[in-house]
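K.L.:
Attaching a single structure in structure tokens format; questions to follow.
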Amino acid sequence: MKQLSTKVTSNGHGQDSSYFLGWEEYEKNPYNEIKNPNGIIQMGLAENQLCFDLIETWLAKNPDAAGLKKDGQSIFKELALFQDYHGLPEFKKALAEFMEEIRGNRVSFDPSKIVLAAGSTSANETLMFCLAEPGDAFLLPTPYYPGFDRDLKWRTGAEIVPIHCSSSNGFQITESALQQAYQQAQKLDLKVKGVLVTNPSNPLGTMLTRRELNLLVEFISSKNIHLISDEIYSGTVFGFEQFVSVMDVLKDKNLENNEVSKRVHVVYSLSKDLGLPGFRVGAIYSNDEMVVSAARKMSSFGLVSSQTQYLLSALLSDKNFTSTYLNENQKRLKIRQKQLVSGLEAAGITCLKSNAGLFCWVDMRHLLDTNTFEAELELWKKIVYEVKLNISPGASCHCTEPGWFRVCFANMSEDTLDLAMKRLKEYVESTDSRRVISKSSHERIKSLRKRTVSNWVFRVSWTDRVPDER
Amino acid sequence: MGFPTKNKGAILSRIATNDQHGENSEYFDGWKAYDKDPFHLSRNPHGIIQMGLAENQLCLDLIKDWVKENPKASICTLEGVHQFSDIANFQDYHGLKKFRQAIANFMGKARGGRVTFDPERVVMSGGATGANETIMFCLADPGDVFLIPSPYYAAFDRDLRWRTGVEIIPVPCSSSNNFKLTVEAVDWAYKKAQESNKKVKGLILTNPSNPLGTMLDKDTLTNLVRFVTRKNIHLVVDEIYAATVFAGGDFVSVAEVVNDVDISEVNVDLIHIVYSLSKDMGLPGFRVGIVYSYNDSVVSCARKMSSFGLVSSQTQLMLASMLSDDRFVDNFLMESSRRLGIRHKVFTTGLEKADISCLTSNAGLFAWMDLRHLLRDRNSFESEIELWHIIIDKVKLNVSPGSSFRCTEPGWFRVCFANMDDDTLHVALGRIQDFVSKNNNKIVEQISENDQVIQNNNAKKQNWRQSNLRLSFRRLYEDGLSSPGIMSPHSPLLRA
């Protein structure tokens, strides 16, 4: 009799994916400005490190929250003992209001419908346990966050069937793609229980359009299935357009009291918007009492530390702080994204136009030897080992077209980003002469040639320098 | 299952709609009653006193003082805020290295330094609740079986089975031998399970026991380790109450047995420990659960699964500092043990005055109370539930009936004593006293005619004893316990 469970012996944890292998390589040789300037720069980690100073300043001004005190009295004991899975009421209230603020106060969130979880990792898994039997399927648009393979499927036994999205329309979800995915599931004899989308999207960095959201709501309505909207990046929108949540759409279509609203569930977390992944703060929001009730019981397996709940309830209740923070966060993300986009352009690389998230969806198809995933993997290895950048290959995100990569920009300093872009540019220029030049890339080189003479000099001397830098 | 027909397609999962979460059990009914009418010394002195919650509130002052004196351990204080961004950003499921080292250090000290723990095997989880579920996911597939001695912690039905699909089969222990677990009993349950074609993957037990408050002796634990090795099944020991031992010798951890037993007799790949700071330190709110396995594959898998329930990095930092402070830890463990011992003694002595005995125990935050003599029918669980309702409604105490722990004999109740201050305990004991003395006759009337005469005589004796003892109890209380938690050195209640 085999000793351990199949969960141990299978690779359902998903960690054999290149998404994680790149991390491992980074761990072995991490870049450090002073200690290891030739190390690998981590661009595969969607962290938001841009606004810690704002939180630190707030802490300095709010000693009570910092010192686990309420009105000057220590509440240490109460917090130490507080393990109620309903969560700290003041925290849920503050969280609900924060979620409302992010959505321009156009929709309201009822704190009693919030279930706290240990990060959105746990929130997503818990929703699967509530909505799907082992063997049931959820449809997910590709490309999607690699961690979903673990979070949604590993211990739950649920399946993911992809909704194929393509670059031909900016990877938007179409009705035919939805129907195709549904039929594919049926062919595989899988019962479809719902659709899960991340909005704004990881890895695309784009927001779902109203058209797509309407399409999704109509689809789940007609098929009588669930819709999970993981809105973990809702506070990272930095473009001119507003973030449109699925909740907005339900309101605008007057479906808030319709039974379909009971099948729409929102997942949230403070790991991206506030940059606090270490604190493990996730939330499920559902209009279905049974889901809330079941999810709440399950949250016993991953409650949020009471001292963290308390600290954050104070932080998020301070409306001055939240409005300043959200504004400043957006500003800084916008600047940083622009820096990445320009840096990529200088290397003749474009990305999908985006206005949210902590990353860009970068088009490196022209750098592939062949239009295959093997070529993508080869390119990725070169970028990790030679260019010394850990970025995430599209295959790890289940993209159907080779050559796309997710590159993060908010988890490092400006200088490090500069250096990363320099390295990439150097690499691209060095391989220019070795590549088969397609018409589009020919154009890109033309624009490169329009730059200063020094670039030419640089390119010529580059091939001499490369052996040294290894 | 109650789904509206118009929602035919969009149903929820079986897990979401069954009651395998166990919250419809009586264990939680008492809580619900308490929530509606909670006792407060001044604001609601006639409310229900919560004695169904195994919390340790006796030493939080020590922890609070340490936190105050060590501002660097917090990321929020002036002294510690420089660490804020690194910590807030830290979500590595390996956990902070110094946190794991501190936990390993604390675990070793809680076992008197007789064993050491390897920080590389310390894996985080969402409390012991998360740890127990995780270990099941690692060791068993849906439909597999784990044996578990009963009576056992009521929420195991949820933690071990609900989302994992694992089945648990009790190994019943009885009062005939003071509920001691024997290898013979485990073997018998194992054979029975096999005969029904069940796939037994292991044995899980809590040591010290919840709800019994007793510890396994070294011989039995050693024999259990040998047994699981022979049968090639796992042994999971939940040692969540390890540092709540207040008397009766040292706690023997399975880690000690693994060290001491001959290498040919133990397959360490089968041995796993679950731990938590919720009981030993009284910090259930901070959600610190630990999976500690001697099996490398299990460590690796559990670590990946810990993504579903990591310990908040803010909490990791604080505890890393606190539990590396040897002076604090040594003093804490000693003082905690001392205070628990006193509290236990006061409580059980108080019960004795009401002619209520408890299973002899030397650990845990509760007593296993014998109320069989108060049952209408000693063989019926309905009687137990009747008595329990009387205790909640008339005596106004929430205690936990043995049936909620799957005890096979009616009449036993778990009563917690470490989750309240001295005054509240005094009130609780007073209520028990009053109730027993006033209602002895009423209870007697309910018993069958054959027993009538005997019971009458007993009742008279008890009444007399009660009135005399109540006086002396009160005096005892006033003499020895006027200052909370501090016994006069001359008090006869102090153990030698």
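K.L.:
Compute, for chain B, the length of the dipole vector about the Cα centre, with Cβ point charges of +1 (Lys, Arg) and -1 (Asp, Glu) only. Units Debye, rounded to 20. Walk me through the numbers before you get to the answer.
P.N.:
On the way: 56 positive and 58 negative charges, 110 e Å.
Roughly 520 debye for chain B.
K.L.:
Kindly express, to the nearest 10 degrees and within the range 0 to 90, the angle between helix A:439-449's C-alpha long axis and the longest C-alpha principal axis of chain A.
P.N.:
Computed tilt is about 70 degrees.
K.L.:
Using a Förster distance of 60 Å, how high is the FRET efficiency between B:Thr116 and A:Lys353, based on the Cβ-Cβ distance and rounded to 0.05?
P.N.:
The pair B:Thr116/A:Lys353 has a calculated efficiency of 0.55.
K.L.:
Going highest first, how would you order A:106-118, A:241-253 by mean Cβ packing within 10 Å?
P.N.:
A:106-118, A:241-253
K.L.:
Among the lysines, select those whose C-alpha is under 17 Å from the C-alpha of B:Lys180, and discard any that sit fewer than 8 residues away in the same chain.
P.N.:
Here the lysines satisfying the reach criterion relative to B:Lys180 are B:Lys218.
K.L.:
How shielded is B:68-77 by partner chains, expressed as the average number of their Cβ atoms within 10 Å of its Cβ atoms?
P.N.:
4
K.L.:
Can you tell me how much longer the chain between B:Thr17 and B:Arg230 gets when fully stretched, taken as 0.36 nm per residue apart minus their C-alpha distance, in nm with one decimal?
P.N.:
In short, 72.7 nm is gained.
K.L.:
Suppose each label sits 7 Å from its Cα in the direction of the beta carbon; what would the A:Lys70-A:Thr57 distance come out to in nanometres?
P.N.:
2.9 nm
K.L.:
Report the A-B buried area as the accessible area lost on both sides summed, probe 1.4 Å, in Å² to the nearest 100.
P.N.:
Summing both sides, the interface buries roughly 6600 Å².
K.L.:
Pop out the ³J(HN,Hα) list for region A:91-106 in order, Karplus 6.51 cos²θ - 1.76 cosθ + 1.60 with θ = phi - 60°, rounded to Hz; leave Gly and Pro as x.
P.N.:
Calculated HN-Hα couplings, in order: 6, 5, 5, 5, 5, 4, 5, 5, 5, 5, 4, 4, 9, x, 6, 7 Hz.
K.L.:
Long-range amide H contacts for A:Val237: which residues qualify at under 5 Å (H placed 1.01 Å from N, peptide plane, sequence gap of 5 or more or a different chain)?
P.N.:
A:Gly357
K.L.:
7 Å from Cα along Cα→Cβ at both A:Ser342 and B:Ser196: what's the point-to-point distance in nm?
P.N.:
The modelled label-to-label distance comes out at 7.2 nm.
K.L.:
What is chain A's relative contact order, in percent, from Cα pairs under 8 angstrom and six or more apart in sequence?
P.N.:
Answer for chain A is 22 percent.
K.L.:
Starting from the 7 Å offset along Cα-to-Cβ, what nm value, one decimal, do you get for the label separation of A:Asn254 and B:Glu386?
P.N.:
6.0 nm
K.L.:
Still on this structure, I have one more. Which three extents, in angstrom, do the Cα atoms of chain B have along their principal axes, listed largest first?
P.N.:
67, 61, 59
K.L.:
For an R0 of 56 angstrom, estimate the FRET efficiency from the Cβ-Cβ distance between A:Glu27 and A:Glu241 and round to the nearest 0.05.
P.N.:
Numbers: r = 37 Å, r/R0 = 0.67.
Between A:Glu27 and A:Glu241 the formula returns 0.90.
K.L.:
Taking every residue in A:40-49, how many Cβ atoms of other protein chains lie within 10 Å of its Cβ, on average?
P.N.:
1
K.L.:
Working from Cα positions, state the angle (0 to 90°, nearest 10) between the long axis of helix A:306-317 and the longest principal axis of chain A.
P.N.:
Result, in degrees: 80.
K.L.:
Per residue, how large is the accessible surface of chain B? Use a 1.4 angstrom probe and give square angstrom.
P.N.:
Dividing the accessible area of chain B by its residue count gives 40 Å².
K.L.:
Where the accessible area of region B:36-171 is counted over protein heavy atoms with a 1.4 Å probe, how much of it, in %, is carbon and sulfur?
P.N.:
After summing per-atom areas, the C and S share lands at 51 percent.
K.L.:
Continuing with this model, one more query. Output the residues of region A:70-100 meeting this criterion: accessible area (heavy atoms, 1.4 Å probe) in the chain alone minus accessible area with all protein chains in place is 40 Å² or greater.
P.N.:
A:Phe76, A:Lys77, A:Ala80, A:Leu81, A:Gln83
K.L.:
I need the shape label for region A:89-193. Rule: rounded when a/c is under 1.5, else prolate if a/b > b/c, else oblate, with a, b, c from the alpha carbon gyration tensor.
P.N.:
oblate
K.L.:
Averaged per residue, what accessible area in Å² does region A:53-113 show with a 1.4 Å probe, protein chains only? Don't skip to the end; give the middle numbers.
P.N.:
On the way: 2870 Å² over 61 residues.
Accessible area per residue, region A:53-113: 47 Å².
K.L.:
Can you give the average number of partner chain beta-carbon atoms within 10 Å of each beta-carbon in peptide A:307-313, as a whole number?
P.N.:
Counting Cβ atoms of other protein chains within 10 Å of each residue's Cβ and averaging gives 4.
K.L.:
Next up: Relative contact order for region B:233-334 using alpha-carbon pairs under 8 Å, separation at least 6, rounded to a whole percent?
P.N.:
24 percent
K.L.:
Just to verify a number: what accessible area does A:Lys28 come out at with the full protein assembly present, 1.4 Å probe, Å² rounded to tens?
P.N.:
Roll a 1.4 Å probe over it and A:Lys28 shows about 150 Å².
K.L.:
Calculate the dipole size of region B:81-214 relative to its Cα centre from +1 charges on Lys and Arg beta carbons and -1 charges on Asp and Glu beta carbons; express the result in debye to the nearest 20. Could the numbers behind the result be given before it?
P.N.:
On the way: 16 positive and 13 negative charges, 65 e Å.
Rounded to the nearest 20 debye, it is 320 debye.
K.L.:
Could you tell me the calculated FRET efficiency between B:Ile169 and A:Tyr385, based on Cβ-Cβ distance and R0 = 41 angstrom, to the nearest 0.05? Please list the in-between numbers first.
P.N.:
Values: r = 53 Å, r/R0 = 1.29.
With R0 = 41 Å, the Cβ-Cβ based efficiency is 0.20.
K.L.:
Over chain B, what relative contact order in percent results from Cα pairs under 8 Å that are six or more residues apart?
P.N.:
21 percent
K.L.:
Lys/Arg Cβ at +1, Asp/Glu Cβ at -1, dipole of region A:76-166 taken about the Cα centre: which of A:Asn105, A:Leu81, A:Phe129 is farthest positive-ward?
P.N.:
It is A:Asn105.
K.L.:
Cross-link list A:Lys77/A:Lys319; A:Lys61/B:Lys68; A:Lys113/A:Lys297: which exceed 20 angstrom alpha carbon to alpha carbon?
P.N.:
Result: A:Lys77/A:Lys319 exceed 20 Å.
K.L.:
Put B:Thr348, A:Thr174, A:Thr236 in order of accessible area, largest first, 1.4 Å probe: what do you get?
P.N.:
Descending accessible area places them as A:Thr174, B:Thr348, A:Thr236.
K.L.:
Only Lys, Arg, Asp and Glu count, each charged at its Cβ (+1, +1, -1, -1), so figure out the dipole size of the protein assembly as shown about its Cα centre, rounded to 20 debye. Don't jump to the answer; show the numbers that get you there.
P.N.:
On the way: 112 positive and 115 negative charges, 144 e Å.
Roughly 700 debye for the protein assembly as shown.
K.L.:
Let me ask something else. What base-10 log of the normalised intensity I(q)/I(0) is obtained for the protein assembly as shown from the Debye formula, alpha carbons as equal point scatterers, at q = 0.05, 0.07, 0.08 Å⁻¹?
P.N.:
These q points yield log10 I(q)/I(0) values of -0.33, -0.64, -0.82.
The values are calculated or read from the model by the stated rules, or taken from the named source; none is laboratory data. None of the values given here were measured: they were computed from a predicted structure. Cβ atoms come from the backbone with ideal geometry, glycine included; neighbour counts cover every protein chain shown. Accessible surface is based on the protein model in full, side chains and every heavy atom, while ligands, DNA and RNA are left aside. Shrake-Rupley method; radii C 1.70, N 1.55, O 1.52, S 1.80 Å.
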